[in-house]
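Following: one structure in structure tokens, then a few remarks.
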Amino acid sequence: MSEPALLRTPLYEEHVRLGARMVPFAGWEMPLQYRGIIEEHMAVRKAAGMFDVSHMGRFEVRGPEAAAGLRRLCTYAVDRLAPGQGHYAFLCNEGGGILDDIYVFRLDRDRFLVVANAANAGKVRRWLEAHLPPGAGLIDRHRSTTMVAVQGPQAVAICSAALALSLGDLPRRGCMETAWAEGTLFASRTGYTGEDGVELVVEAEAGPALWRRLLAAGVVACGLGARDTLRLEAALPLYGQDIDEGVNPFELGLAFAVSLDDGAPFIGREALLRVREQGPQRLLACLRATERGIMRAGYPIYRGQDEVGKVTSGGYSPSLGTSIGMGFLPPPLAQPGTALTVGVRGRPLPVQVVPRPFYRPPRP
């Protein structure tokens, strides 16, 4: 039986034109790199880079019961967001395990945008369809729109000038909609790199024009390789590596995305209440190598001769010039300063638990 054909975003031809190395990712044909991962990584850290993130799920939830319906599904109190605000949240099962980590934006009183991971887009759509009340309609914007993330210390200024918009007025996690290119442009002050920046959504047919305008303004095209090294330096977990349905938000150290004290019911609330009361049995820790060697996902973590965990995400940090990784550890071992080793191809690599994030952008 043949494999299903890979999907392509509205920017596929733009990637090919730029000579991108294309690879399969979550059912899509996506650019891994253009100029090189390290060069693209540093473009984001020093100025501005952009990523085609059109493969991520985008679902509009609208209607008089949209706010209440989403609150029933999300760990965060998204019904309390004001129009123009967004927040990170989780969709959980009854046991508190994470179905997906999402971003929810309130566009107006009865209209929300839910952004989901590419690999989970179908699962999230089915979950929303099964659990939203009749007064909350679901519109799938996944294939009808283009989404571009522009990240870096100069990203907001460059986008504002190139698009003739006042994006600098958006607060962190804020969002807006405006007329653009005979359609609508959505912009949010969010991202997945640890840098300032914006994420932009336009109609699919307007995507190439948006991409080319940003290229002409000096924004560097970046692929999945740099996106992964950037998010790892920011200690941002990735679904499928650091997150799955056997992980709960408290183990990730992301309690800020869980609202338990408003009393509102949501799927998984009782299980998460128990975790908060009893304390998580493990914590996602940040590991920094103290000698040469590269830790990768799946490598064992040791305390002496005892295996105490496994690396969930790992690689080389271009900004820090050493290997970094994340992995779940018993809480006593997840404290900064703990000395451990990671088995790298049969050789012990000394590492130290360090505070999150690994890299923090310098203040302007």
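The values are calculated or read from the model by the stated rules, or taken from the named source; none is laboratory data. All values reported here derive from a predicted model rather than from experimental measurement. All Cβ positions, glycine included, derive from the backbone under ideal geometry; neighbour counts span all protein chains shown. To get the accessible areas, we keep the full protein, side chains included, count just its heavy atoms, and leave off ligands, DNA and RNA. Shrake-Rupley method; radii C 1.70, N 1.55, O 1.52, S 1.80 Å.
Here are the numbers for this structure:
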| quantity | calculated |
| --- | --- |
| MRE, 222 nm, helices only [DSSP H, n ≥ 4, -39500 (n - 2.57), over the chain, to nearest 500] | -5500 deg cm²/dmol |
| Solvent-accessible surface (1.4 angstrom probe) belonging to Met30, in square angstrom, nearest 10 | 0 Å² |
| Cβ charges +1 (Lys, Arg) and -1 (Asp, Glu), total dipole of the range 282-354, debye | 140 debye |
| Most to least accessible of Asp306, Asp261, Asp108 (protein chains only, probe 1.4 Å) | Asp261, Asp306, Asp108 |
| Glu13/Lys46 FRET efficiency (R0 41 Å; Cβ-Cβ; nearest 0.05) | 0.90 |
| Dipole in debye (nearest 20) - the range 127-252, about Cα centre, beta carbon charges: Lys, Arg +1; Asp, Glu -1 | 420 debye |
| For the range 268-295 versus the range 137-152, the gap between their alpha-carbon centres in whole angstrom | 31 Å |
| Heavy-atom accessible surface of the chain: percent carbon and sulfur, 1.4 Å | 51 percent |
| Phe25-Thr178 pseudo-label distance in nm [points 7 Å out on the Cα-to-Cβ vector] | 2.8 nm |
| Per residue value of the accessible surface for the range 230-298 (all protein chains in place, 1.4 Å probe), Å² | 45 Å² |
| Most to least accessible of Lys46, Lys123, Lys310 (protein chains only, probe 1.4 Å) | Lys46, Lys310, Lys123 |
| Gained length - Ile139 relative to Arg80, 0.36 nm times residue gap less alpha-carbon distance | 19.1 nm |
| Dipole of the chain, positive end: most advanced residue of Pro153, Pro336, Gly137 [Cβ charges, Cα centre] | Pro336 |
| The range 346-351 - phi-based ³J(HN,Hα) in whole Hz, Karplus 6.51/-1.76/1.60, Gly and Pro as x | x, 10, x, 9, x, 9 |
| Protein-only accessible surface order, largest first, of His142, His131 at 1.4 Å | His131, His142 |
| Difference of contour (0.36 nm per residue) and Cα-Cα distance, His131 to Leu6 | 42.1 nm |
| Calculated FRET value between Ala68 and Leu215, using beta carbons and R₀ = 45 Å, to 0.05 | 0.60 |
| The chain, dipole about Cα centre (Lys/Arg Cβ +1, Asp/Glu Cβ -1), debye to the nearest 20 | 780 debye |
| Per principal axis, descending, Cα span of the chain in whole Å | 63, 54, 49 |
| Per residue accessible area of the range 1-102, 1.4 Å probe, in Å² | 42 Å² |
